[in-house]
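The structure appears below as structure tokens.
The values are calculated or read from the model by the stated rules, or taken from the named source; none is laboratory data. Keep in mind that what you see is a predicted model, and the values were worked out from it rather than measured. Reconstructed Cβ throughout: ideal geometry from the backbone, glycine too, with neighbour counts over all protein chains shown.
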């Protein structure tokens, strides 16, 4: 008996329809239950998940770079420790997510290959640079804030391993947004230069953060299917609205403004209105024409390639030890 | 059959990690990771899954060494206990209200 | 001291904040000693922090991150304690001293090199720190003893981590063995300096640990690992040293400039 993943690997053709499996899968989704790796699942469901979960993992890994950029220059030892712990968490989160994706039959090596060859996507937000320390604040407050809005509903995603990884990630990430907020708060209330640094940074990150939720619902063809499968729980626009409603009052606490003159409370809707976003910019970065796309991939590729000899050494050592202990075992048997 | 996600072609194999969160509790599955051998696997598990005081003891096991019950035999495996409510204390209602029972 | 304020004792997970809060002022000499150990840990953490997002495998990013964070924690504790003597803060010491005022060992400022060089440096410093802290827990200075009590357990893990990698790299492939030997060759000249006694240590008596006392245990333990790894103890160059007197190798200045650049651009700021 093989898992869906193993069957898939041995034969790359479309899976034969399994009526009983299909019925069971439909029942699970209808009852809002979790699908587990050994369950039959439609090919498209599996493909969607592999794509989404591996993209999510890649985003965590690439996302280490813009913040890693400031570890060596953090302006206080406390901030240095916090930043280091946060970037390290991101490596951990990438690992949890690669593990979840791997249960669908794609080994991590393959996903890494897809990432460094430029075939796989990751969140475009990480293709923006971090020229100032205040960007550590903006990434925590806005980027992680948006990510959390996206991620909390994913703790209930229909695919079990993904949902479980997200539970762990959300738990660990609760400090990420707060530390970013604190960085900005200290800057905003600090010297004039610090305040300006904070405002300038928020001005740069506001729109890209809002675009993290993806294109408007009308232009997001895959969303409906993901929602039907209980992978996605809320639409892009719903989540974006939720995020704006959250950050407008937070910006007031920070004493910073958001760079959108159209932000206004709408009594009727019970939400903040906000201006249109420049989606051409979004698609530009997505197509690889962002400020740091090449830098991010090159850095990842270099780390992976320069680490090859270390990974090979450890594998060779393990094999050597295995052969030695096997030999010792045989000698013991023969002696007896 | 082994656990999902195992793959013989990877240079560093996949390991499943079980963490005991405090003394007196069982080891629970925490997740998985890649490591070249058992010694490194248990160390990687420590670094990855106990960064926030989550554990006092760790097990690691090669994912390929875990045998899983057959999902297609779910009926044959897990039907039997259903309908045998008499295995549970809640089945016995006549002693309700009697102390220490 | 009231019941509410924190009192230093071994067994607590001591933090920099708690040391500052306790406010037990060290003497000038004790502060200068704490500064040495703090600088060792700080500069090592600064070097290790570079590896995050560059390690050979993601699991190793996390492992090196943990080690860097441990070292940074030790640095903050030692520096916070030293700072009390001069009515300063840990950040004043980390960000506003000049190169000759840093008193770390030259080993920890050596560039990361490749993974083997970093492991070689880790192998040497973590065995040294372990031998040091395991004795410092008996210091007659309660704060130093308490910092050491937490640090010794963490450093014990660091030396295990380094040992595992020395074995794997030395006995892995031809390339990894070549690189491991080269890495040890680059770092070993700085070993000698670590075990030199000087006036400060001698003046402190049972407060401090005499570095010369650590040499035999260091040689024995590292020798066992190197033998298992089929490696020779490197011979040849011995660096002149002088880190404890503020003399540093050429690699130190650029590293310090990077570390301090933002804080110094805004001397009035808090973060």
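One residue stands out among those in the stretch A:107-135 that are crowded, with 23+ Cβ neighbours inside 10 Å and at the interface with another protein chain (Cβ under 10 Å from one of its Cβ atoms): the one that is modelled with the highest pLDDT, which is A:133.
So, in the stretch C:49-66, how many residues would count as being assigned to a helix (DSSP H, G or I) and either facing another protein chain (nearest Cβ under 7 Å) or farther than 16 Å from residue A:90 by Cα (or both)? Counting residues in the stretch C:49-66 that are assigned to a helix (DSSP H, G or I) and either facing another protein chain (nearest Cβ under 7 Å) or farther than 16 Å from residue A:90 by Cα (or both) gives 8.
Of the residues examined, residue A:75 is not one that is closer than 23 Å to residue C:46 by Cα, at pLDDT 95 or above and assigned to a helix (DSSP H, G or I). Within this structure, residue B:22 fails the test of being in contact with a strand residue (DSSP E or B) (Cβ under 8 Å, 6 or more places away or on another chain) and surrounded by fewer than 12 Cβ atoms within 10 Å (Cβ to Cβ).
Criterion first (assigned to a loop (DSSP other than H, G, I, E, B), in contact (Cβ under 8 Å) with a residue 60 or more places away in the chain and more than 9 Å from chain A (Cβ to nearest Cβ)) does residue B:93 satisfy it?
no
Could you tell me whether any residue of the stretch C:182-205 is surrounded by fewer than 19 Cβ atoms within 10 Å (Cβ to Cβ) and within 14 Å of chain A (Cβ to nearest Cβ)? Within the stretch C:182-205, one or more residues are surrounded by fewer than 19 Cβ atoms within 10 Å (Cβ to Cβ) and within 14 Å of chain A (Cβ to nearest Cβ). Exactly one residue among A:102, A:52 is more than 10 Å from chain C (Cβ to nearest Cβ), touching a helix residue (DSSP H, G or I) at 6+ places or on another chain (Cβ under 7 Å), farther than 30 Å from residue C:43 by Cβ and crowded, with 19+ Cβ neighbours inside 10 Å, and that residue is A:102. State yes or no: is residue C:256 part of a helix (DSSP H, G or I), within 14 Å of chain A (Cβ to nearest Cβ), touching a residue at least 12 places away in the same chain (Cβ under 8 Å) and over 23 Å from residue C:162 (Cα atoms)? So residue C:256 fits the description; yes.
Would you be able to say whether some residue in the stretch B:68-79 is more than 10 Å from chain A (Cβ to nearest Cβ), under 14 Å from the mean Cα position of the chain (by Cα) and surrounded by 11 or more Cβ atoms within 10 Å (Cβ to Cβ)? No, that holds for no residue.
When the stretch A:30-47 is filtered for residues that are buried (at least 19 other Cβ atoms within 10 Å of the Cβ) and in contact (Cβ under 8 Å) with a residue 60 or more places away in the chain, the ones remaining, listed by number, are A:35, A:37, A:45. In this structure, residue A:85 does not satisfy being in a helix (DSSP H, G or I) and either under 18 Å from residue A:120 (Cβ atoms) or in contact with a strand residue (DSSP E or B) (Cβ under 9 Å, 6 or more places away or on another chain) (or both).
Would you confirm whether any residue within the stretch B:22-33 is within 12 Å of chain A (Cβ to nearest Cβ) and assigned to a loop (DSSP other than H, G, I, E, B)? Checking the stretch B:22-33: not a single residue is within 12 Å of chain A (Cβ to nearest Cβ) and assigned to a loop (DSSP other than H, G, I, E, B). State yes or no: is residue A:63 facing chain C (nearest Cβ under 9 Å) and touching a residue at least 60 places away in the same chain (Cβ under 8 Å)? Considered against the rule, which asks whether it is facing chain C (nearest Cβ under 9 Å) and touching a residue at least 60 places away in the same chain (Cβ under 8 Å), residue A:63 comes out as no. Screening residue B:48 on (1) without any contact (Cβ under 8 Å) to a residue 24 or more places away in the chain; (2) over 17 Å from the mean Cα position of the chain (by Cα); (3) in a helix (DSSP H, G or I); (4) surrounded by 10 or more Cβ atoms within 10 Å (Cβ to Cβ) shows it passes everything except condition (1).
Could you check how many residues of the stretch C:229-238 are surrounded by fewer than 17 Cβ atoms within 10 Å (Cβ to Cβ) and farther than 18 Å from residue C:126 by Cα?
6
Number of residues in the stretch C:80-89 that are assigned to a loop (DSSP other than H, G, I, E, B) and crowded, with 17+ Cβ neighbours inside 10 Å: the value is 1. Against the numbered list (1) more than 9 Å from chain A (Cβ to nearest Cβ); (2) out of contact with any strand residue (DSSP E or B) (no Cβ under 9 Å at 6 or more places or on another chain); (3) at pLDDT 95 or above, residue B:36 comes up short only at (1). No other residue among A:242, A:269, A:321, A:311 is closer than 19 Å to residue A:149 by Cβ and without any contact (Cβ under 8 Å) to a residue 12 or more places away in the chain apart from A:269.
Is it the case that some residue within the stretch A:12-22 is within 26 Å of residue A:153 (Cα to Cα) and modelled with pLDDT under 95?
Kept after step one, since they are within 26 Å of residue A:153 (Cα to Cα), are these residues of the stretch A:12-22: A:22.
From the residues that got through so far, the ones that are modelled with pLDDT under 95 too are A:22.
Yes.
Output the residue which, of all residues in the stretch C:90-113 that are part of a loop (DSSP other than H, G, I, E, B) and surrounded by fewer than 19 Cβ atoms within 10 Å (Cβ to Cβ), is farthest from the other protein chains (Cβ to nearest Cβ). Ranking the qualifying residues of the stretch C:90-113, first place goes to C:98. Do we have residue A:199 as surrounded by fewer than 24 Cβ atoms within 10 Å (Cβ to Cβ) and within 21 Å of residue A:56 (Cα to Cα) here? In short, no.
Are any residues in the stretch A:55-72 in a loop (DSSP other than H, G, I, E, B) and surrounded by 24 or more Cβ atoms within 10 Å (Cβ to Cβ), and if so, which ones? Answer for the stretch A:55-72, where residues must be in a loop (DSSP other than H, G, I, E, B) and surrounded by 24 or more Cβ atoms within 10 Å (Cβ to Cβ): just A:63.
Can you find even one residue in the stretch C:15-22 that is modelled with pLDDT of 95 or more, crowded, with 19+ Cβ neighbours inside 10 Å and either assigned to a loop (DSSP other than H, G, I, E, B) or within 11 Å of chain A (Cβ to nearest Cβ) (or both)?
If we filter the stretch C:15-22 for residues that are modelled with pLDDT of 95 or more, which is where we start, we get none.
No - not one qualifying residue is present in the stretch C:15-22.
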